[in-house]
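Have a look at the structure below before the remarks.
Derivation of every value follows stated rules applied to the coordinates shown; laboratory data play no part. All figures in this text were calculated on a predicted structure; none of them were measured in a lab. Every residue, glycine among them, receives a Cβ derived from its backbone with ideal geometry; neighbour counts consider all protein chains shown.
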Amino acid sequence: MGVTSSQTIKAAAFDAAGNRSPVLTSDYVISTATAPAAPTAVTAVAGNASATVNWTAPANGGSPILDYTVQTLTLGAAVPDVTVTGTSATVSGLTNGTQYAFKVTARNAAGSGPASSQSNTVVPAPPATRPGAPTGISATAGNAQATVRWVAPADGGSAITSYEVLVRTGTTVVKTVPVTPGTSTSTVVTGLLNGTSYNFRVRAINAVGTGAYSVVSAAVTPATVPGQPAIGTAVAGTTGGAITATANWPAATNTGGSAITGYKIRALRMSSTGTVLGTTTSALLPASSRSLQMTLPLLGNYRFTVQAFNAIGASLQSARSNLVAGR
């Protein structure tokens, strides 16, 4: 008798004399289920020494799926299979920095089905942290500005997105300057006061948060060349002896943020029409100088200019003095 998915079976017993017992009737249902198909859409997401694997349940083959088995594929140390009843599993005990992929099989009463296609490859890693503190902080002064440089810190496992530069005079915070992109290792801080000393600290920012500030840079003082000085009243030379005239000037009031280191005087021999016929230039005079009697090459009428110097360079020449005789 062939058995299909359902049958009704009738049976009777006979004794030696041929007498039949009452007929017994039973209904049977015979399962024709098969093993499940392969799970689909298997994906993996890396964690810290772990991975979360997700998939879509397959056709169950006519019998409820009992559980799933997740197989780990790696060139590293073997990882035990994981069995779960849902469509997601966390595979732990993985090695951070090692590549892993996964396959999944489903099981029902008829047995285990074929394995799924391989998932994407993942590399477990520790959770990201805030960046470290930048190192190698340095600053170079300019004209009302300073260039700040640093060495990028460890990013904590999450790319640095920006930096903040703390601008200070002593320990007083003047302002904070944001710096992008996160690959930057220098910035120009503008809007500073020439002649004022500044120091700087830098910190990095990533998706997790803001890291610690660096150590303090060496202090720098922005500066520029002196402002144009004034010229005083010139005095004519005296008759007899060498040809001379005297230039006078006050101290430069605008030092450019850097101490005056000296002055140069120019004697301009003038024509009757105001044309410069010749120029005599002094050596660099001490910063304390306020007057110079210049020895001149020729008799004539002269005007003087003064030029101030500091560590950065030379100012513009002053306006011309009054006209005096060189004699």
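Okay, here's what the table says:
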item	result
Residue selected from the range 150-182 under the condition touching a residue at least 24 places away in the same chain (Cβ under 8 Å) and among the hydroxyl-bearing types (S, T, Y), by the criterion surrounded by the most Cβ atoms within 10 Å (Cβ to Cβ)	Y163
Enumeration of residues in the range 255-307 that are surrounded by fewer than 17 Cβ atoms within 10 Å (Cβ to Cβ) and of a type in the set (K, R)	R290
Residues satisfying the stated conditions in the range 310-325, i.e. in a strand (DSSP E or B) and surrounded by fewer than 21 Cβ atoms within 10 Å (Cβ to Cβ)	A314, V324, A325
Every residue from the range 58-91 that is farther than 15 Å from P36 by Cβ and either hydrophobic (A, V, I, L, M, F, W, C) or part of a loop (DSSP other than H, G, I, E, B) (or both)	L73, T74, L75, G76, A77, A78, V79, P80, D81, V82, A89, V91
From V79, V53, V84, V70, residue being in contact (Cβ under 8 Å) with a residue 40 or more places away in the chain and surrounded by 12 or more Cβ atoms within 10 Å (Cβ to Cβ)	V53
Hits in the range 199-240 - residues which are crowded, with 22+ Cβ neighbours inside 10 Å and not in a loop (DSSP other than H, G, I, E, B)	F200, R201, V202, R203, A204
Every residue from the range 266-306 that is free of Cβ contacts under 8 Å to residues at least 12 places away in the same chain and either among the acidic types (D, E) or in a strand (DSSP E or B) (or both)	V276
Residues of the range 127-175 that turn out to be of a type in the set (A, V, I, L, M, F, W, C), more than 11 Å from I205 (Cα to Cα) and part of a strand (DSSP E or B), as a count	12
